[in-house]
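Right, one structure below, let's go through it.
What follows is calculated from the coordinates using simple rules that are stated; it is not laboratory data. Note that the coordinates shown come from a computational prediction; the quantities given were computed from them, not determined experimentally. Glycine gets a Cβ as well: all are built from the backbone with ideal geometry, and neighbour counts include every protein chain shown.
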Amino acid sequence: MHANAETIRKFYDCFGNKDAEGMVALYADDIEFSDPVFPALKGAEAKAMWRMLCARAADLRVEASDIEGDEHAGKAHWDAHYTFSATGRKVLNRIDARFTFRDGKIVKHQDSFDLWAWTRMALGFKGTLLGWSPIVRNAVRKQADKGLRIFMAKGA
């Protein structure tokens, strides 16, 4: 296994163990992260997101598979099983990740998943009915960003 593929494996092992510091140690200081909920996080914001998610993850289970990596890039599929704290609903989020590396550190991390599928699981009827709409998608993003800003303001 290439060293960068091993870095990806370690990243998800740390996440499964709720070891945010282990995760962010694998990121470069100028990391760029994006996914459908957090579309453009950089540096400290991206690191704080993982710290927040680990701190809030009461019943998180992470399963990573199809991990590949070479000198410059890598990818993985991962499934996150957890309870969405805002609603108490169970979620299985199926995610495809792409990574870019520099000097053994992750400099770009892009997660892709079906946000409508997530809203159906996390929000129930409202997510099923309206989760596809830009209004609900933007509300999810706004709420997530607000939570991250509050978490960061507390010095976490």
Original post:
For residues in region 98-131 being without any contact (Cβ under 8 Å) to a residue 60 or more places away in the chain and hydrophobic (A, V, I, L, M, F, W, C), which is surrounded by the fewest Cβ atoms within 10 Å (Cβ to Cβ)?
Top reply: Phe125
**OP:** Please tell me if Val140 is part of a helix (DSSP H, G or I), surrounded by 16 or more Cβ atoms within 10 Å (Cβ to Cβ) and without any contact (Cβ under 8 Å) to a residue 60 or more places away in the chain.
**Re:** no
**OP:** Could you tell me which numbered condition Phe38 fails, if it satisfies all but one of (1) under 14 Å from the mean Cα position of the chain (by Cα); (2) outside any loop (DSSP other than H, G, I, E, B)?
**Re:** (2)
**OP:** Sort through Ala48, Ala20 and tell me the only one that's surrounded by 13 or more Cβ atoms within 10 Å (Cβ to Cβ), touching a Lys or Arg at 6+ places or on another chain (Cβ under 6 Å), over 21 Å from Ala122 (Cα atoms) and not hydroxyl-bearing (Ser, Thr, Tyr).
**Re:** Ala20
Original post:
Of Ser65, Ser85, Ser112, which residue is touching a His at 6+ places or on another chain (Cβ under 7 Å) and of a type in the set (Ser, Thr, Tyr)?
Top reply: Ser65
